[in-house]
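Below: the structure, in structure tokens.
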Amino acid sequence: MRVVIAEDSVLLRAGLIKLLETSGFEVVAAVGEADGLLAAVAEHRPDLAVVDVRMPPGYTDEGVRAALVIRRESPGVAVLLLSQYVEERYAADLLSEHTSGIGYLLKDRVADVSAFLDALRRVAAGGTALDPEVVAQLLLRRNADPLGRLTPRERDVLALMAEGRSNAGIAGALTVSESAVAKHINSIFTKLDLPHAEGDHRRVLAVLRFLDGDA
């Protein structure tokens, strides 16, 4: 499995290289800033990019913004964000636009090397690896539980969305028209206070909120 590492800490970068190489991964590039990451991905086309969120020059959100570019321009490259921070502004976009081959783990909470390596392999294989704290920060509830606003049929639709079914699949399961499903989904978005956005942003956030609420 071919990996690119983007981490500005020299010591941590060296540690990741050694850990991955001794665990059977091939580290094809290791860089310390976002532009170098994009160049390395374009050159090597790795299976996986391990990316820190905050890197030079601004140490704010360079890594997660670079991850968005990678997933849009090189969708075959899986991305695992490994950071001390949850960058909410772009992380929600990243996790919403891409529901496979994506991970977001917090460095301070990675306590088991085997579990970390398993997460890397899972993400590279098209799965996901999300730290519960990441999900919690992205989906902080408002004073009133928005899931309580949904009708029973809307909750049925949302449950089927959580199973990964398309509108057509939901329509078949509930024996209704696809237009009726679309209307239910738009109502769900409104009741969950999810603003309009391109792609599947709202759809995935709605599912994450449903799962977070243990509905």
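The values are calculated or read from the model by the stated rules, or taken from the named source; none is laboratory data. Every value quoted in this text rests on a predicted model; they were computed, and no experiment measured them. Please note: Cβ atoms are built from the backbone with ideal geometry, for glycine as well, and neighbour counts cover all protein chains shown. The protein model used for the area step is the full one, side chains on, heavy atoms only, and it has no ligands, DNA or RNA in it. Shrake-Rupley method; radii C 1.70, N 1.55, O 1.52, S 1.80 Å.
Structure summary
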read-out: Residue that is closer than 27 Å to R45 by Cβ and either touching a residue at least 40 places away in the same chain (Cβ under 8 Å) or surrounded by fewer than 16 Cβ atoms within 10 Å (Cβ to Cβ) (or both), where the choices are L82, L150; value: L82
read-out: Checking S100 against (1) open to solvent by less than 50 Å² (accessible area, probe 1.4 Å); (2) under 20 Å from the mean Cα position of the chain (by Cα), the condition it does not meet; value: (1)
read-out: Options R122, R142; residue that is modelled with pLDDT of 85 or more and either outside any helix (DSSP H, G or I) or open to solvent by 20 Å² or more (accessible area, probe 1.4 Å) (or both); value: R122
read-out: Subset of region 33-55 [of a type outside the set (D, E, K, R) and touching a helix residue (DSSP H, G or I) at 6+ places or on another chain (Cβ under 7 Å)]; value: A34, L37, L38, V41, L48, A49, V50, V51, V53, M55
read-out: Verdict on Y90 being buried (at least 21 other Cβ atoms within 10 Å of the Cβ), free of Cβ contacts under 8 Å to residues at least 40 places away in the same chain and under 14 Å from the mean Cα position of the chain (by Cα); value: no
read-out: Spans of strands (runs of 3 or more DSSP E) in region 1-92 with at least 1 residues of a type in the set (K, R) and more than 25 Å from A136 (Cα to Cα); value: 2-6
read-out: Qualifying residue in region 30-43 (condition: touching a residue at least 24 places away in the same chain (Cβ under 8 Å), within 20 Å of A119 (Cα to Cα) and open to solvent by 10 Å² or more (accessible area, probe 1.4 Å)); value: yes
